[in-house]
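Peer 1: Below you will find the structure I want to go over with you.
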Amino acid sequence: MYVAANFLNCKLGKIPFIYLGLPVGANPRKEATWEPVIEVLHNRLNSWKNRFVSLGGRVILINSVLAAIPIFYLSFMKMPIKVWKRIVAIQRNFLWGGANKKTKLAWVKWVDVCRPKERGGLGIRNLRLVNVSLLTKWRWRLLTSQDMFWVKVLKAKYGGDIAHVSNLSSCGDVKFASLWWKDLCSLGRMVPSDDGDWCSDIMIKKLGNGGNTRFWHDLWMGPTSLCHLYPRLFSISLQTKDCIETMGERRNGVWFWDLKWRRRLFV
């Protein structure tokens, strides 16, 4: 390693290391990885210690400062529940008691505080939902940015199909998958869904030539996948993972289906 570092004229480092403010190679599921975020939140509270801020002002500071500080981390890593609870405790104590860091009585449930103002809440952002929405953008970019270098790297490691399917719930089960990839694939399981992945439930594909759309699993004929509309037909199909392009052919401008079954449908 030292010889290679001298040859390349660079320093010898170790994992994890900080790059653009993020700990590269660190385990995002450990609280220690998120300690810098917690420390920044406490430091910001200390700077407000001797200031009187009204309840409305504290709501504004929570949304504009305390909820904004973790955004960079949240856009790349899935936040552990323990870390989320610690951040919520900081926000809740500041909301009801100011910046003196003492535990105060909460007059309203936090879930109600996070409701939109038009629904009776204070409009404070729920950081768990913010985290999920930011990570879901990576799922979207994976489907829409095929020429990006990072997409090509993921396709080379996990297979080319990941850039064409909206349901990644089973793609993170491989042994050599990174924690980041496993967390990204498990995002859809955080909300109950008929398909096991809410991300795939909200995405409808534009058919095109059918090369990137799975006949049975993707949403291309309405709000429900064909495997759920016709479960008995799906169970005897020999093309459960095929894309539309491979399930027929076009002759003289007319499309002819070529559906294959384990047994004859009619006797």
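The values are calculated or read from the model by the stated rules, or taken from the named source; none is laboratory data. Everything numeric here is computed off the predicted structure, so don't read it as measured data. No Cβ is skipped: glycine too gets one built from the backbone with ideal geometry, and neighbour counts run over all protein chains shown.
Peer 1: In region 226-266, what residues are among the aromatic types (Phe, Trp, Tyr) and outside any helix (DSSP H, G or I)?
Peer 2: Correct list: 230, 255, 256, 257, 261, 266.
Peer 1: Only one residue in 89, 26, 32, 5 is in contact with a Lys or Arg (Cβ under 7 Å, 6 or more places away or on another chain) and either surrounded by 11 or more Cβ atoms within 10 Å (Cβ to Cβ) or within 23 Å of residue 132 (Cα to Cα) (or both). Which one?
Peer 2: 5
Peer 1: Next question, about the same structure. Quick check on residue 130: is it within 30 Å of residue 218 (Cβ to Cβ), touching a helix residue (DSSP H, G or I) at 6+ places or on another chain (Cβ under 8 Å), part of a helix (DSSP H, G or I) and at pLDDT 90 or above?
Peer 2: Judged against the criteria, residue 130 is a match.
Peer 1: Here are the criteria: (1) modelled with pLDDT of 85 or more; (2) closer than 30 Å to residue 138 by Cα. Tell me which single one residue 96 does not satisfy.
Peer 2: Unmet condition: (2).
Peer 1: Is it fair to say residue 125 is assigned to a loop (DSSP other than H, G, I, E, B), touching a residue at least 40 places away in the same chain (Cβ under 8 Å) and surrounded by 13 or more Cβ atoms within 10 Å (Cβ to Cβ)?
Peer 2: Yes: the conditions hold for residue 125.
Conditions (1) farther than 20 Å from residue 161 by Cα; (2) modelled with pLDDT of 85 or more; (3) in the same structural domain as residue 161 (by TED's automatic domain parsing); (4) of a type in the set (Val, Ile, Thr), marked per residue:
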residue	(1), (2), (3), (4)
214	no, no, no, no
219	no, no, no, no
226	no, yes, no, no
236	yes, yes, no, yes
243	no, yes, no, no
249	yes, yes, no, no
257	yes, yes, no, no
263	yes, yes, no, no
266	yes, no, no, no
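Peer 1: Here is a follow-up. Report whether or not residue 63 is of a type in the set (S, T, N, Q) and surrounded by 13 or more Cβ atoms within 10 Å (Cβ to Cβ).
Peer 2: Judged against the criteria, residue 63 is a match.
Peer 1: I'm told residue 59 meets every condition in (1) more than 17 Å from residue 113 (Cβ to Cβ); (2) at pLDDT 90 or above except one. Can you identify the failing condition by its number?
Peer 2: Failed condition: (1).
Peer 1: Let me ask you something else. Could you tell me whether any residue of region 128-145 is within 18 Å of residue 57 (Cα to Cα) and of a type in the set (A, V, I, L, M)?
Peer 2: Within region 128-145, not a single residue is within 18 Å of residue 57 (Cα to Cα) and of a type in the set (A, V, I, L, M).
Peer 1: Give region 4-37 a look and list any residue that's modelled with pLDDT of 85 or more and among the β-branched types (Val, Ile, Thr), or say none.
Peer 2: Result: 33, 37.
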